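Working notes, structure below.
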Amino acid sequence: MAGVELLPKEYGYVVLVLVFYCFFNFWMAGQVGRARKKYNVNYPTMYATEAENKDAKLFNCIQRGHQNSLEMMPMFFTLMIVGGIRHPLISASLGVVYTVSRYFYFKGYSSGDPKNRLTIGKYGFLAMLGLMICTISCGVHLLMA
């Protein structure tokens, strides 16, 4: 397993944080599924309309909280995977901050008032910036080697 030997031992933390985020994503999907039943929004409808459903805003806020997390997931995963090669402990720590802030982002959005998503949820953007710096450092280090 020569490829595994090229990674620092601490890279395992990066892997575990990514799996933790996957479980968190499953939980958010479950919240959307429960909201579909509660607010009577059937598949394949992505977003409810207020003309058809009096609870459209509440459902849409829950759906949007999960959808936004899905939209950000490829960037988060890429930055974690690449930045973690050079800075595994920093990347894993930032990944935990990002995931926890995403929980608060989702819960705030799910309240029905989209402004609530940014109380603690805004710190996820700082974690993402830190992951970008780790990834840039990894790229520069590879070019200098």
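The values are calculated or read from the model by the stated rules, or taken from the named source; none is laboratory data. Since the structure is predicted, the reported quantities are computational estimates derived from the model, not experimental observations. Note: ideal-geometry Cβ built from the backbone for every residue, glycine included; neighbour counts use all protein chains shown.
Tabulated results
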{"quantity": "Residue within the range 46-63 that is touching a Lys or Arg at 6+ places or on another chain (Cβ under 7 Å), touching a residue at least 24 places away in the same chain (Cβ under 8 Å) and crowded, with 16+ Cβ neighbours inside 10 Å present", "calculated": "no"}
{"quantity": "Residue that is modelled with the lowest pLDDT, among those in the range 52-77 that are more than 30 Å from Ile136 (Cβ to Cβ) and among the acidic types (Asp, Glu)", "calculated": "Glu52"}
{"quantity": "Failed criterion for Met80 (all others in (1) farther than 18 Å from Asn25 by Cα; (2) in contact (Cβ under 8 Å) with a residue 60 or more places away in the chain; (3) of a type outside the set (Gly, Ala, Ser) hold)", "calculated": "(1)"}
{"quantity": "Residue that is touching a residue at least 40 places away in the same chain (Cβ under 8 Å) and either among the charged types (D, E, K, R) or not in a helix (DSSP H, G or I) (or both), where the choices are Arg102, Arg34", "calculated": "Arg102"}
{"quantity": "Single residue of Tyr47, Tyr43, Tyr13 found to be of a type in the set (Ser, Thr, Tyr) and assigned to a helix (DSSP H, G or I)", "calculated": "Tyr13"}
{"quantity": "Number of the condition not met by Asn60 [criteria: (1) touching a Phe, Trp or Tyr at 6+ places or on another chain (Cβ under 6 Å); (2) part of a loop (DSSP other than H, G, I, E, B)]", "calculated": "(2)"}
{"quantity": "Hey, Arg86 charged (D, E, K, R), crowded, with 16+ Cβ neighbours inside 10 Å and touching a helix residue (DSSP H, G or I) at 6+ places or on another chain (Cβ under 9 Å) or not", "calculated": "yes"}
{"quantity": "Identity of the residue in the range 112-124, surrounded by 16 or more Cβ atoms within 10 Å (Cβ to Cβ) and in contact (Cβ under 8 Å) with a residue 24 or more places away in the chain, that ends up nearest to His66 (Cα to Cα)", "calculated": "Arg117"}
{"quantity": "Scope the range 105-137; condition out of contact with any Lys or Arg (no Cβ under 8 Å at 6 or more places or on another chain) and in a loop (DSSP other than H, G, I, E, B); matching residues", "calculated": "Ser111, Asp113, Thr119, Ile120, Lys122"}
